[in-house]
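Notes follow the structure.
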Amino acid sequence: MPIKVLVAKPGLDGHDRGAKVIARALRDAGMEVIYTGLRQTPEMVVNASLQEDVDVIGLSILSGAHNAIVPRVMDLLKQNQMDDVLVLVGGIIPDQDIDALKKLGVAAIFQPGTAMDDIVKFIRANVKGAGVPL
Amino acid sequence: MTRSVPVRVHRDLARAITAIENGYASFGDTLATLPARENGKASFVVGVTGPPGAGKSTLVDRLIEKFRAGGETVAVIAVDPSSPFTHGAVLGDRVRMQRHSGDTGVFIRSMASRESGGGLAPTTHDATALAAHAGFDVILVETVGVGQVELEIVAVADVVAVVTVPALGDSVQTIKAGLTEIADLFVVNMADRPGASRTALDLKHMVRESGRDVAVLQTIASEGTGIDDVMVALTAARASESSNAGRAVRFEVVRNIRDAAVRRALAVLDAPRGRSVLERLRAGELTRLEAREELLVYALAEVINAD
Ligand code: B12
Ligand SMILES: Nc1nc2c(ncn2[C@@H]2O[C@H](COP(=O)(O)OP(=O)(O)OP(=O)(O)O)[C@@H](O)[C@H]2O)c(=O)[nH]1
Ligand SMILES: [Mg+2]
């Protein structure tokens, strides 16, 4: 069954080129990608992920606000018993922030210049049972 | 009072739709995982269809707002096309509705059309039934941007709104025959663009010729203009006794016959008799025309003599 991915742009960040490129690349890799558009709050991201029952959440953040946004998203996921969703973060993320994000439960961080192929491979290798039976 | 739906039900419904979509469980078993609706009232299912980019999602966003203002809970099932090559999809309808994302009275689910060609996904009908069972008062079903033959929405919706845009030139050729037959309501969206009144007028003429009683309305969905008129028309349709049930059943019977016929015909092609025709074609003993005629005779006999 196709892997379902939600690609979101949280915060006030208007850089949507990367998110759109990722959405198309994942589609071309056979995944079903829900794109939520710009200016998403963590609540909107998690609500949408819950309703869409996605396997993967991809956050694209180039504004520098990742340290404020990602903890809130991870917290809401936990509150909603959605810990099994694979969370990825891409964009402008300084090296020194990566460890802290991973400790929060982010599976991987993709910085500028990452090859699409690597992202697709990572998702395929790490997604937890696409849509586990009831 | 504005009703809402517990987050738990959102999650159960979301998982139930995935189970149906991926074939993990039967419809009946899946239904059993959801608590039955409390009020016993039937859901009102509105289909929103029309050509790509006509403003369907933007209109759905406005309708959510209106139904919520009336205190009703709303589920949206929005279908976008799957790539026939990679089977992947980018589902973008939700972008236009995201402002309702924090409202627990609203459930929005995107569906990829997968292998289906009818403008809906193979399991949209079941997903709609699940949302109804979960207790949503109104269910808005947005089809993929459709052309002429994708009419599955008739089998799902109580009322079908066909959204179109001002036609270039002075005709309504963009509105294909099939869509006209299924419309309970025409919405000429993007009325801020030139030609809207003309398009509406042409549609009204067409409706009159067909002898059906179908309202033709103009909206600017992106600005929220004209939405109250759409609500009036939907409310009237909802109250009227002449439901879509007869039409839906008719459509489903035709579809079932077609599917059964195709299945039987394919079985003939794959049987020894069919294969031998194809072999003779390959060996040059038959022309293409002869081979087709022979296969047609076999296949039609099989279809017609079917129990
Ligand atoms: C193009 C660009 C713009 C365009 C954006 C157009 C658009 N619609 O996207 C414009 C001109 C509008 C713009 C404006 C601004 N920008 Co600008 N912009 C850039 C620039 C040059 C390239 C970004 C880009 O599109 N890259 C191409 C895409 C494909 O790459 P990407 O997004 O990084 O994605 C890759 C990975 O990061 C990863 N990835 C990204 N997202 C995701 C998501 C998932 C799920 C996954 C798996 C992977 C992933 O995979 C992709 C492929 O490798 C960068 C500098 C840079 N080199 O990154 C600055 C940059 C991002 N901008 C910056 C700034 C400051 C601004 C402005 C604030 C400038 C100003 N003062 O007005 C404004 C803010 C605009 C706004 N509203 O947010 C800074 C951000 C600094 C920071 N975060 O600390 C940067 C880094 C420039 C800099 N060196 O200072 N910008
Ligand atoms: N000018 C104008 N633009 C509109 C109007 N309604 C919607 N739009 C814009 O038209 C574009 C397409 O709108 P959507 O609502 O996504 O159209 P859609 O029919 O759902 O598209 P698909 O699902 O891709 O078939 C968006 O950029 C909208 O903002 C309108 O009344 N006037
Ligand atoms: Mg749409």
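The values are calculated or read from the model by the stated rules, or taken from the named source; none is laboratory data. Keep in mind that what you see is a predicted model, and the values were worked out from it rather than measured. Backbone-built Cβ (ideal geometry, glycine too); neighbour counts: all protein chains shown. All accessible areas refer to the heavy atoms of the entire protein, side chains included, with ligands and DNA or RNA removed. Shrake-Rupley method; radii C 1.70, N 1.55, O 1.52, S 1.80 Å.
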Filter result (near ligand 1 (Cβ under 9 Å from one of its atoms) and either touching a residue at least 40 places away in the same chain (Cβ under 8 Å) or touching a strand residue (DSSP E or B) at 6+ places or on another chain (Cβ under 8 Å) (or both)) within the range A:42-65: A:56, A:57, A:58, A:59, A:60, A:61, A:62, A:63, A:65
At pLDDT 95 or above and open to solvent by 10 Å² or more (accessible area, probe 1.4 Å): which single residue out of B:94, B:114, B:68, B:109 fits that description? B:68
What helices (runs of 4 or more DSSP H), lying completely within the range B:226-306, carry at least 1 residues that are more than 20 Å from residue B:47 (Cα to Cα), open to solvent by 80 Å² or more (accessible area, probe 1.4 Å) and out of contact with any Cys (no Cβ under 7 Å at 6 or more places or on another chain)? B:245-270, B:272-282, B:288-304
Considering only the range A:1-17, how many residues are within 22 Å of residue A:68 (Cβ to Cβ) and within 12 Å of chain B (Cβ to nearest Cβ)? 6
If I filter the range B:180-201 down to residues being closer than 18 Å to residue B:155 by Cα and assigned to a helix (DSSP H, G or I), which single residue comes out as farthest from ligand 2 (Cβ to nearest atom)? B:181
Exactly one condition in (1) of a type outside the set (Gly, Ala, Ser); (2) away from chain B (no Cβ under 14 Å); (3) within 16 Å of ligand 3 (Cβ to nearest atom) is not met by residue A:36; state its number. (2)
Answer residue from the range A:1-21, given it is crowded, with 24+ Cβ neighbours inside 10 Å and β-branched (Val, Ile, Thr) and is farthest from ligand 3 (Cβ to nearest atom) among those: A:5
All positions within the range B:54-91 that are more than 9 Å from ligand 2 (Cβ to nearest atom), within 22 Å of residue A:54 (Cα to Cα) and touching a helix residue (DSSP H, G or I) at 6+ places or on another chain (Cβ under 7 Å): B:74, B:75, B:76, B:77, B:83, B:86, B:88, B:89, B:90
Here is a check on your reading of the model: is residue A:73 crowded, with 19+ Cβ neighbours inside 10 Å, away from ligand 2 (no atom under 16 Å from the Cβ) and within 14 Å of another protein chain (Cβ to nearest Cβ)? yes
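Condition check ((1) within 14 Å of chain A (Cβ to nearest Cβ); (2) open to solvent by less than 60 Å² (accessible area, probe 1.4 Å); (3) among the acidic types (Asp, Glu)) across all residues:
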position	(1), (2), (3)
B:6	yes, no, no
B:20	yes, yes, no
B:31	yes, yes, no
B:37	no, yes, no
B:44	no, yes, no
B:48	no, yes, no
B:52	no, no, no
Pick from the range B:174-209 the residues that are of a type in the set (S, T, N, Q) and either closer than 15 Å to residue B:54 by Cα or at pLDDT 80 or above (or both): which of them is surrounded by the fewest Cβ atoms within 10 Å (Cβ to Cβ)? B:197
Answer yes or no: is there a residue in the range A:107-130 that is facing chain B (nearest Cβ under 9 Å) and touching an Asp or Glu at 6+ places or on another chain (Cβ under 8 Å). yes
Taking the condition surrounded by fewer than 18 Cβ atoms within 10 Å (Cβ to Cβ) and within 16 Å of ligand 2 (Cβ to nearest atom), does residue B:26 pass? no
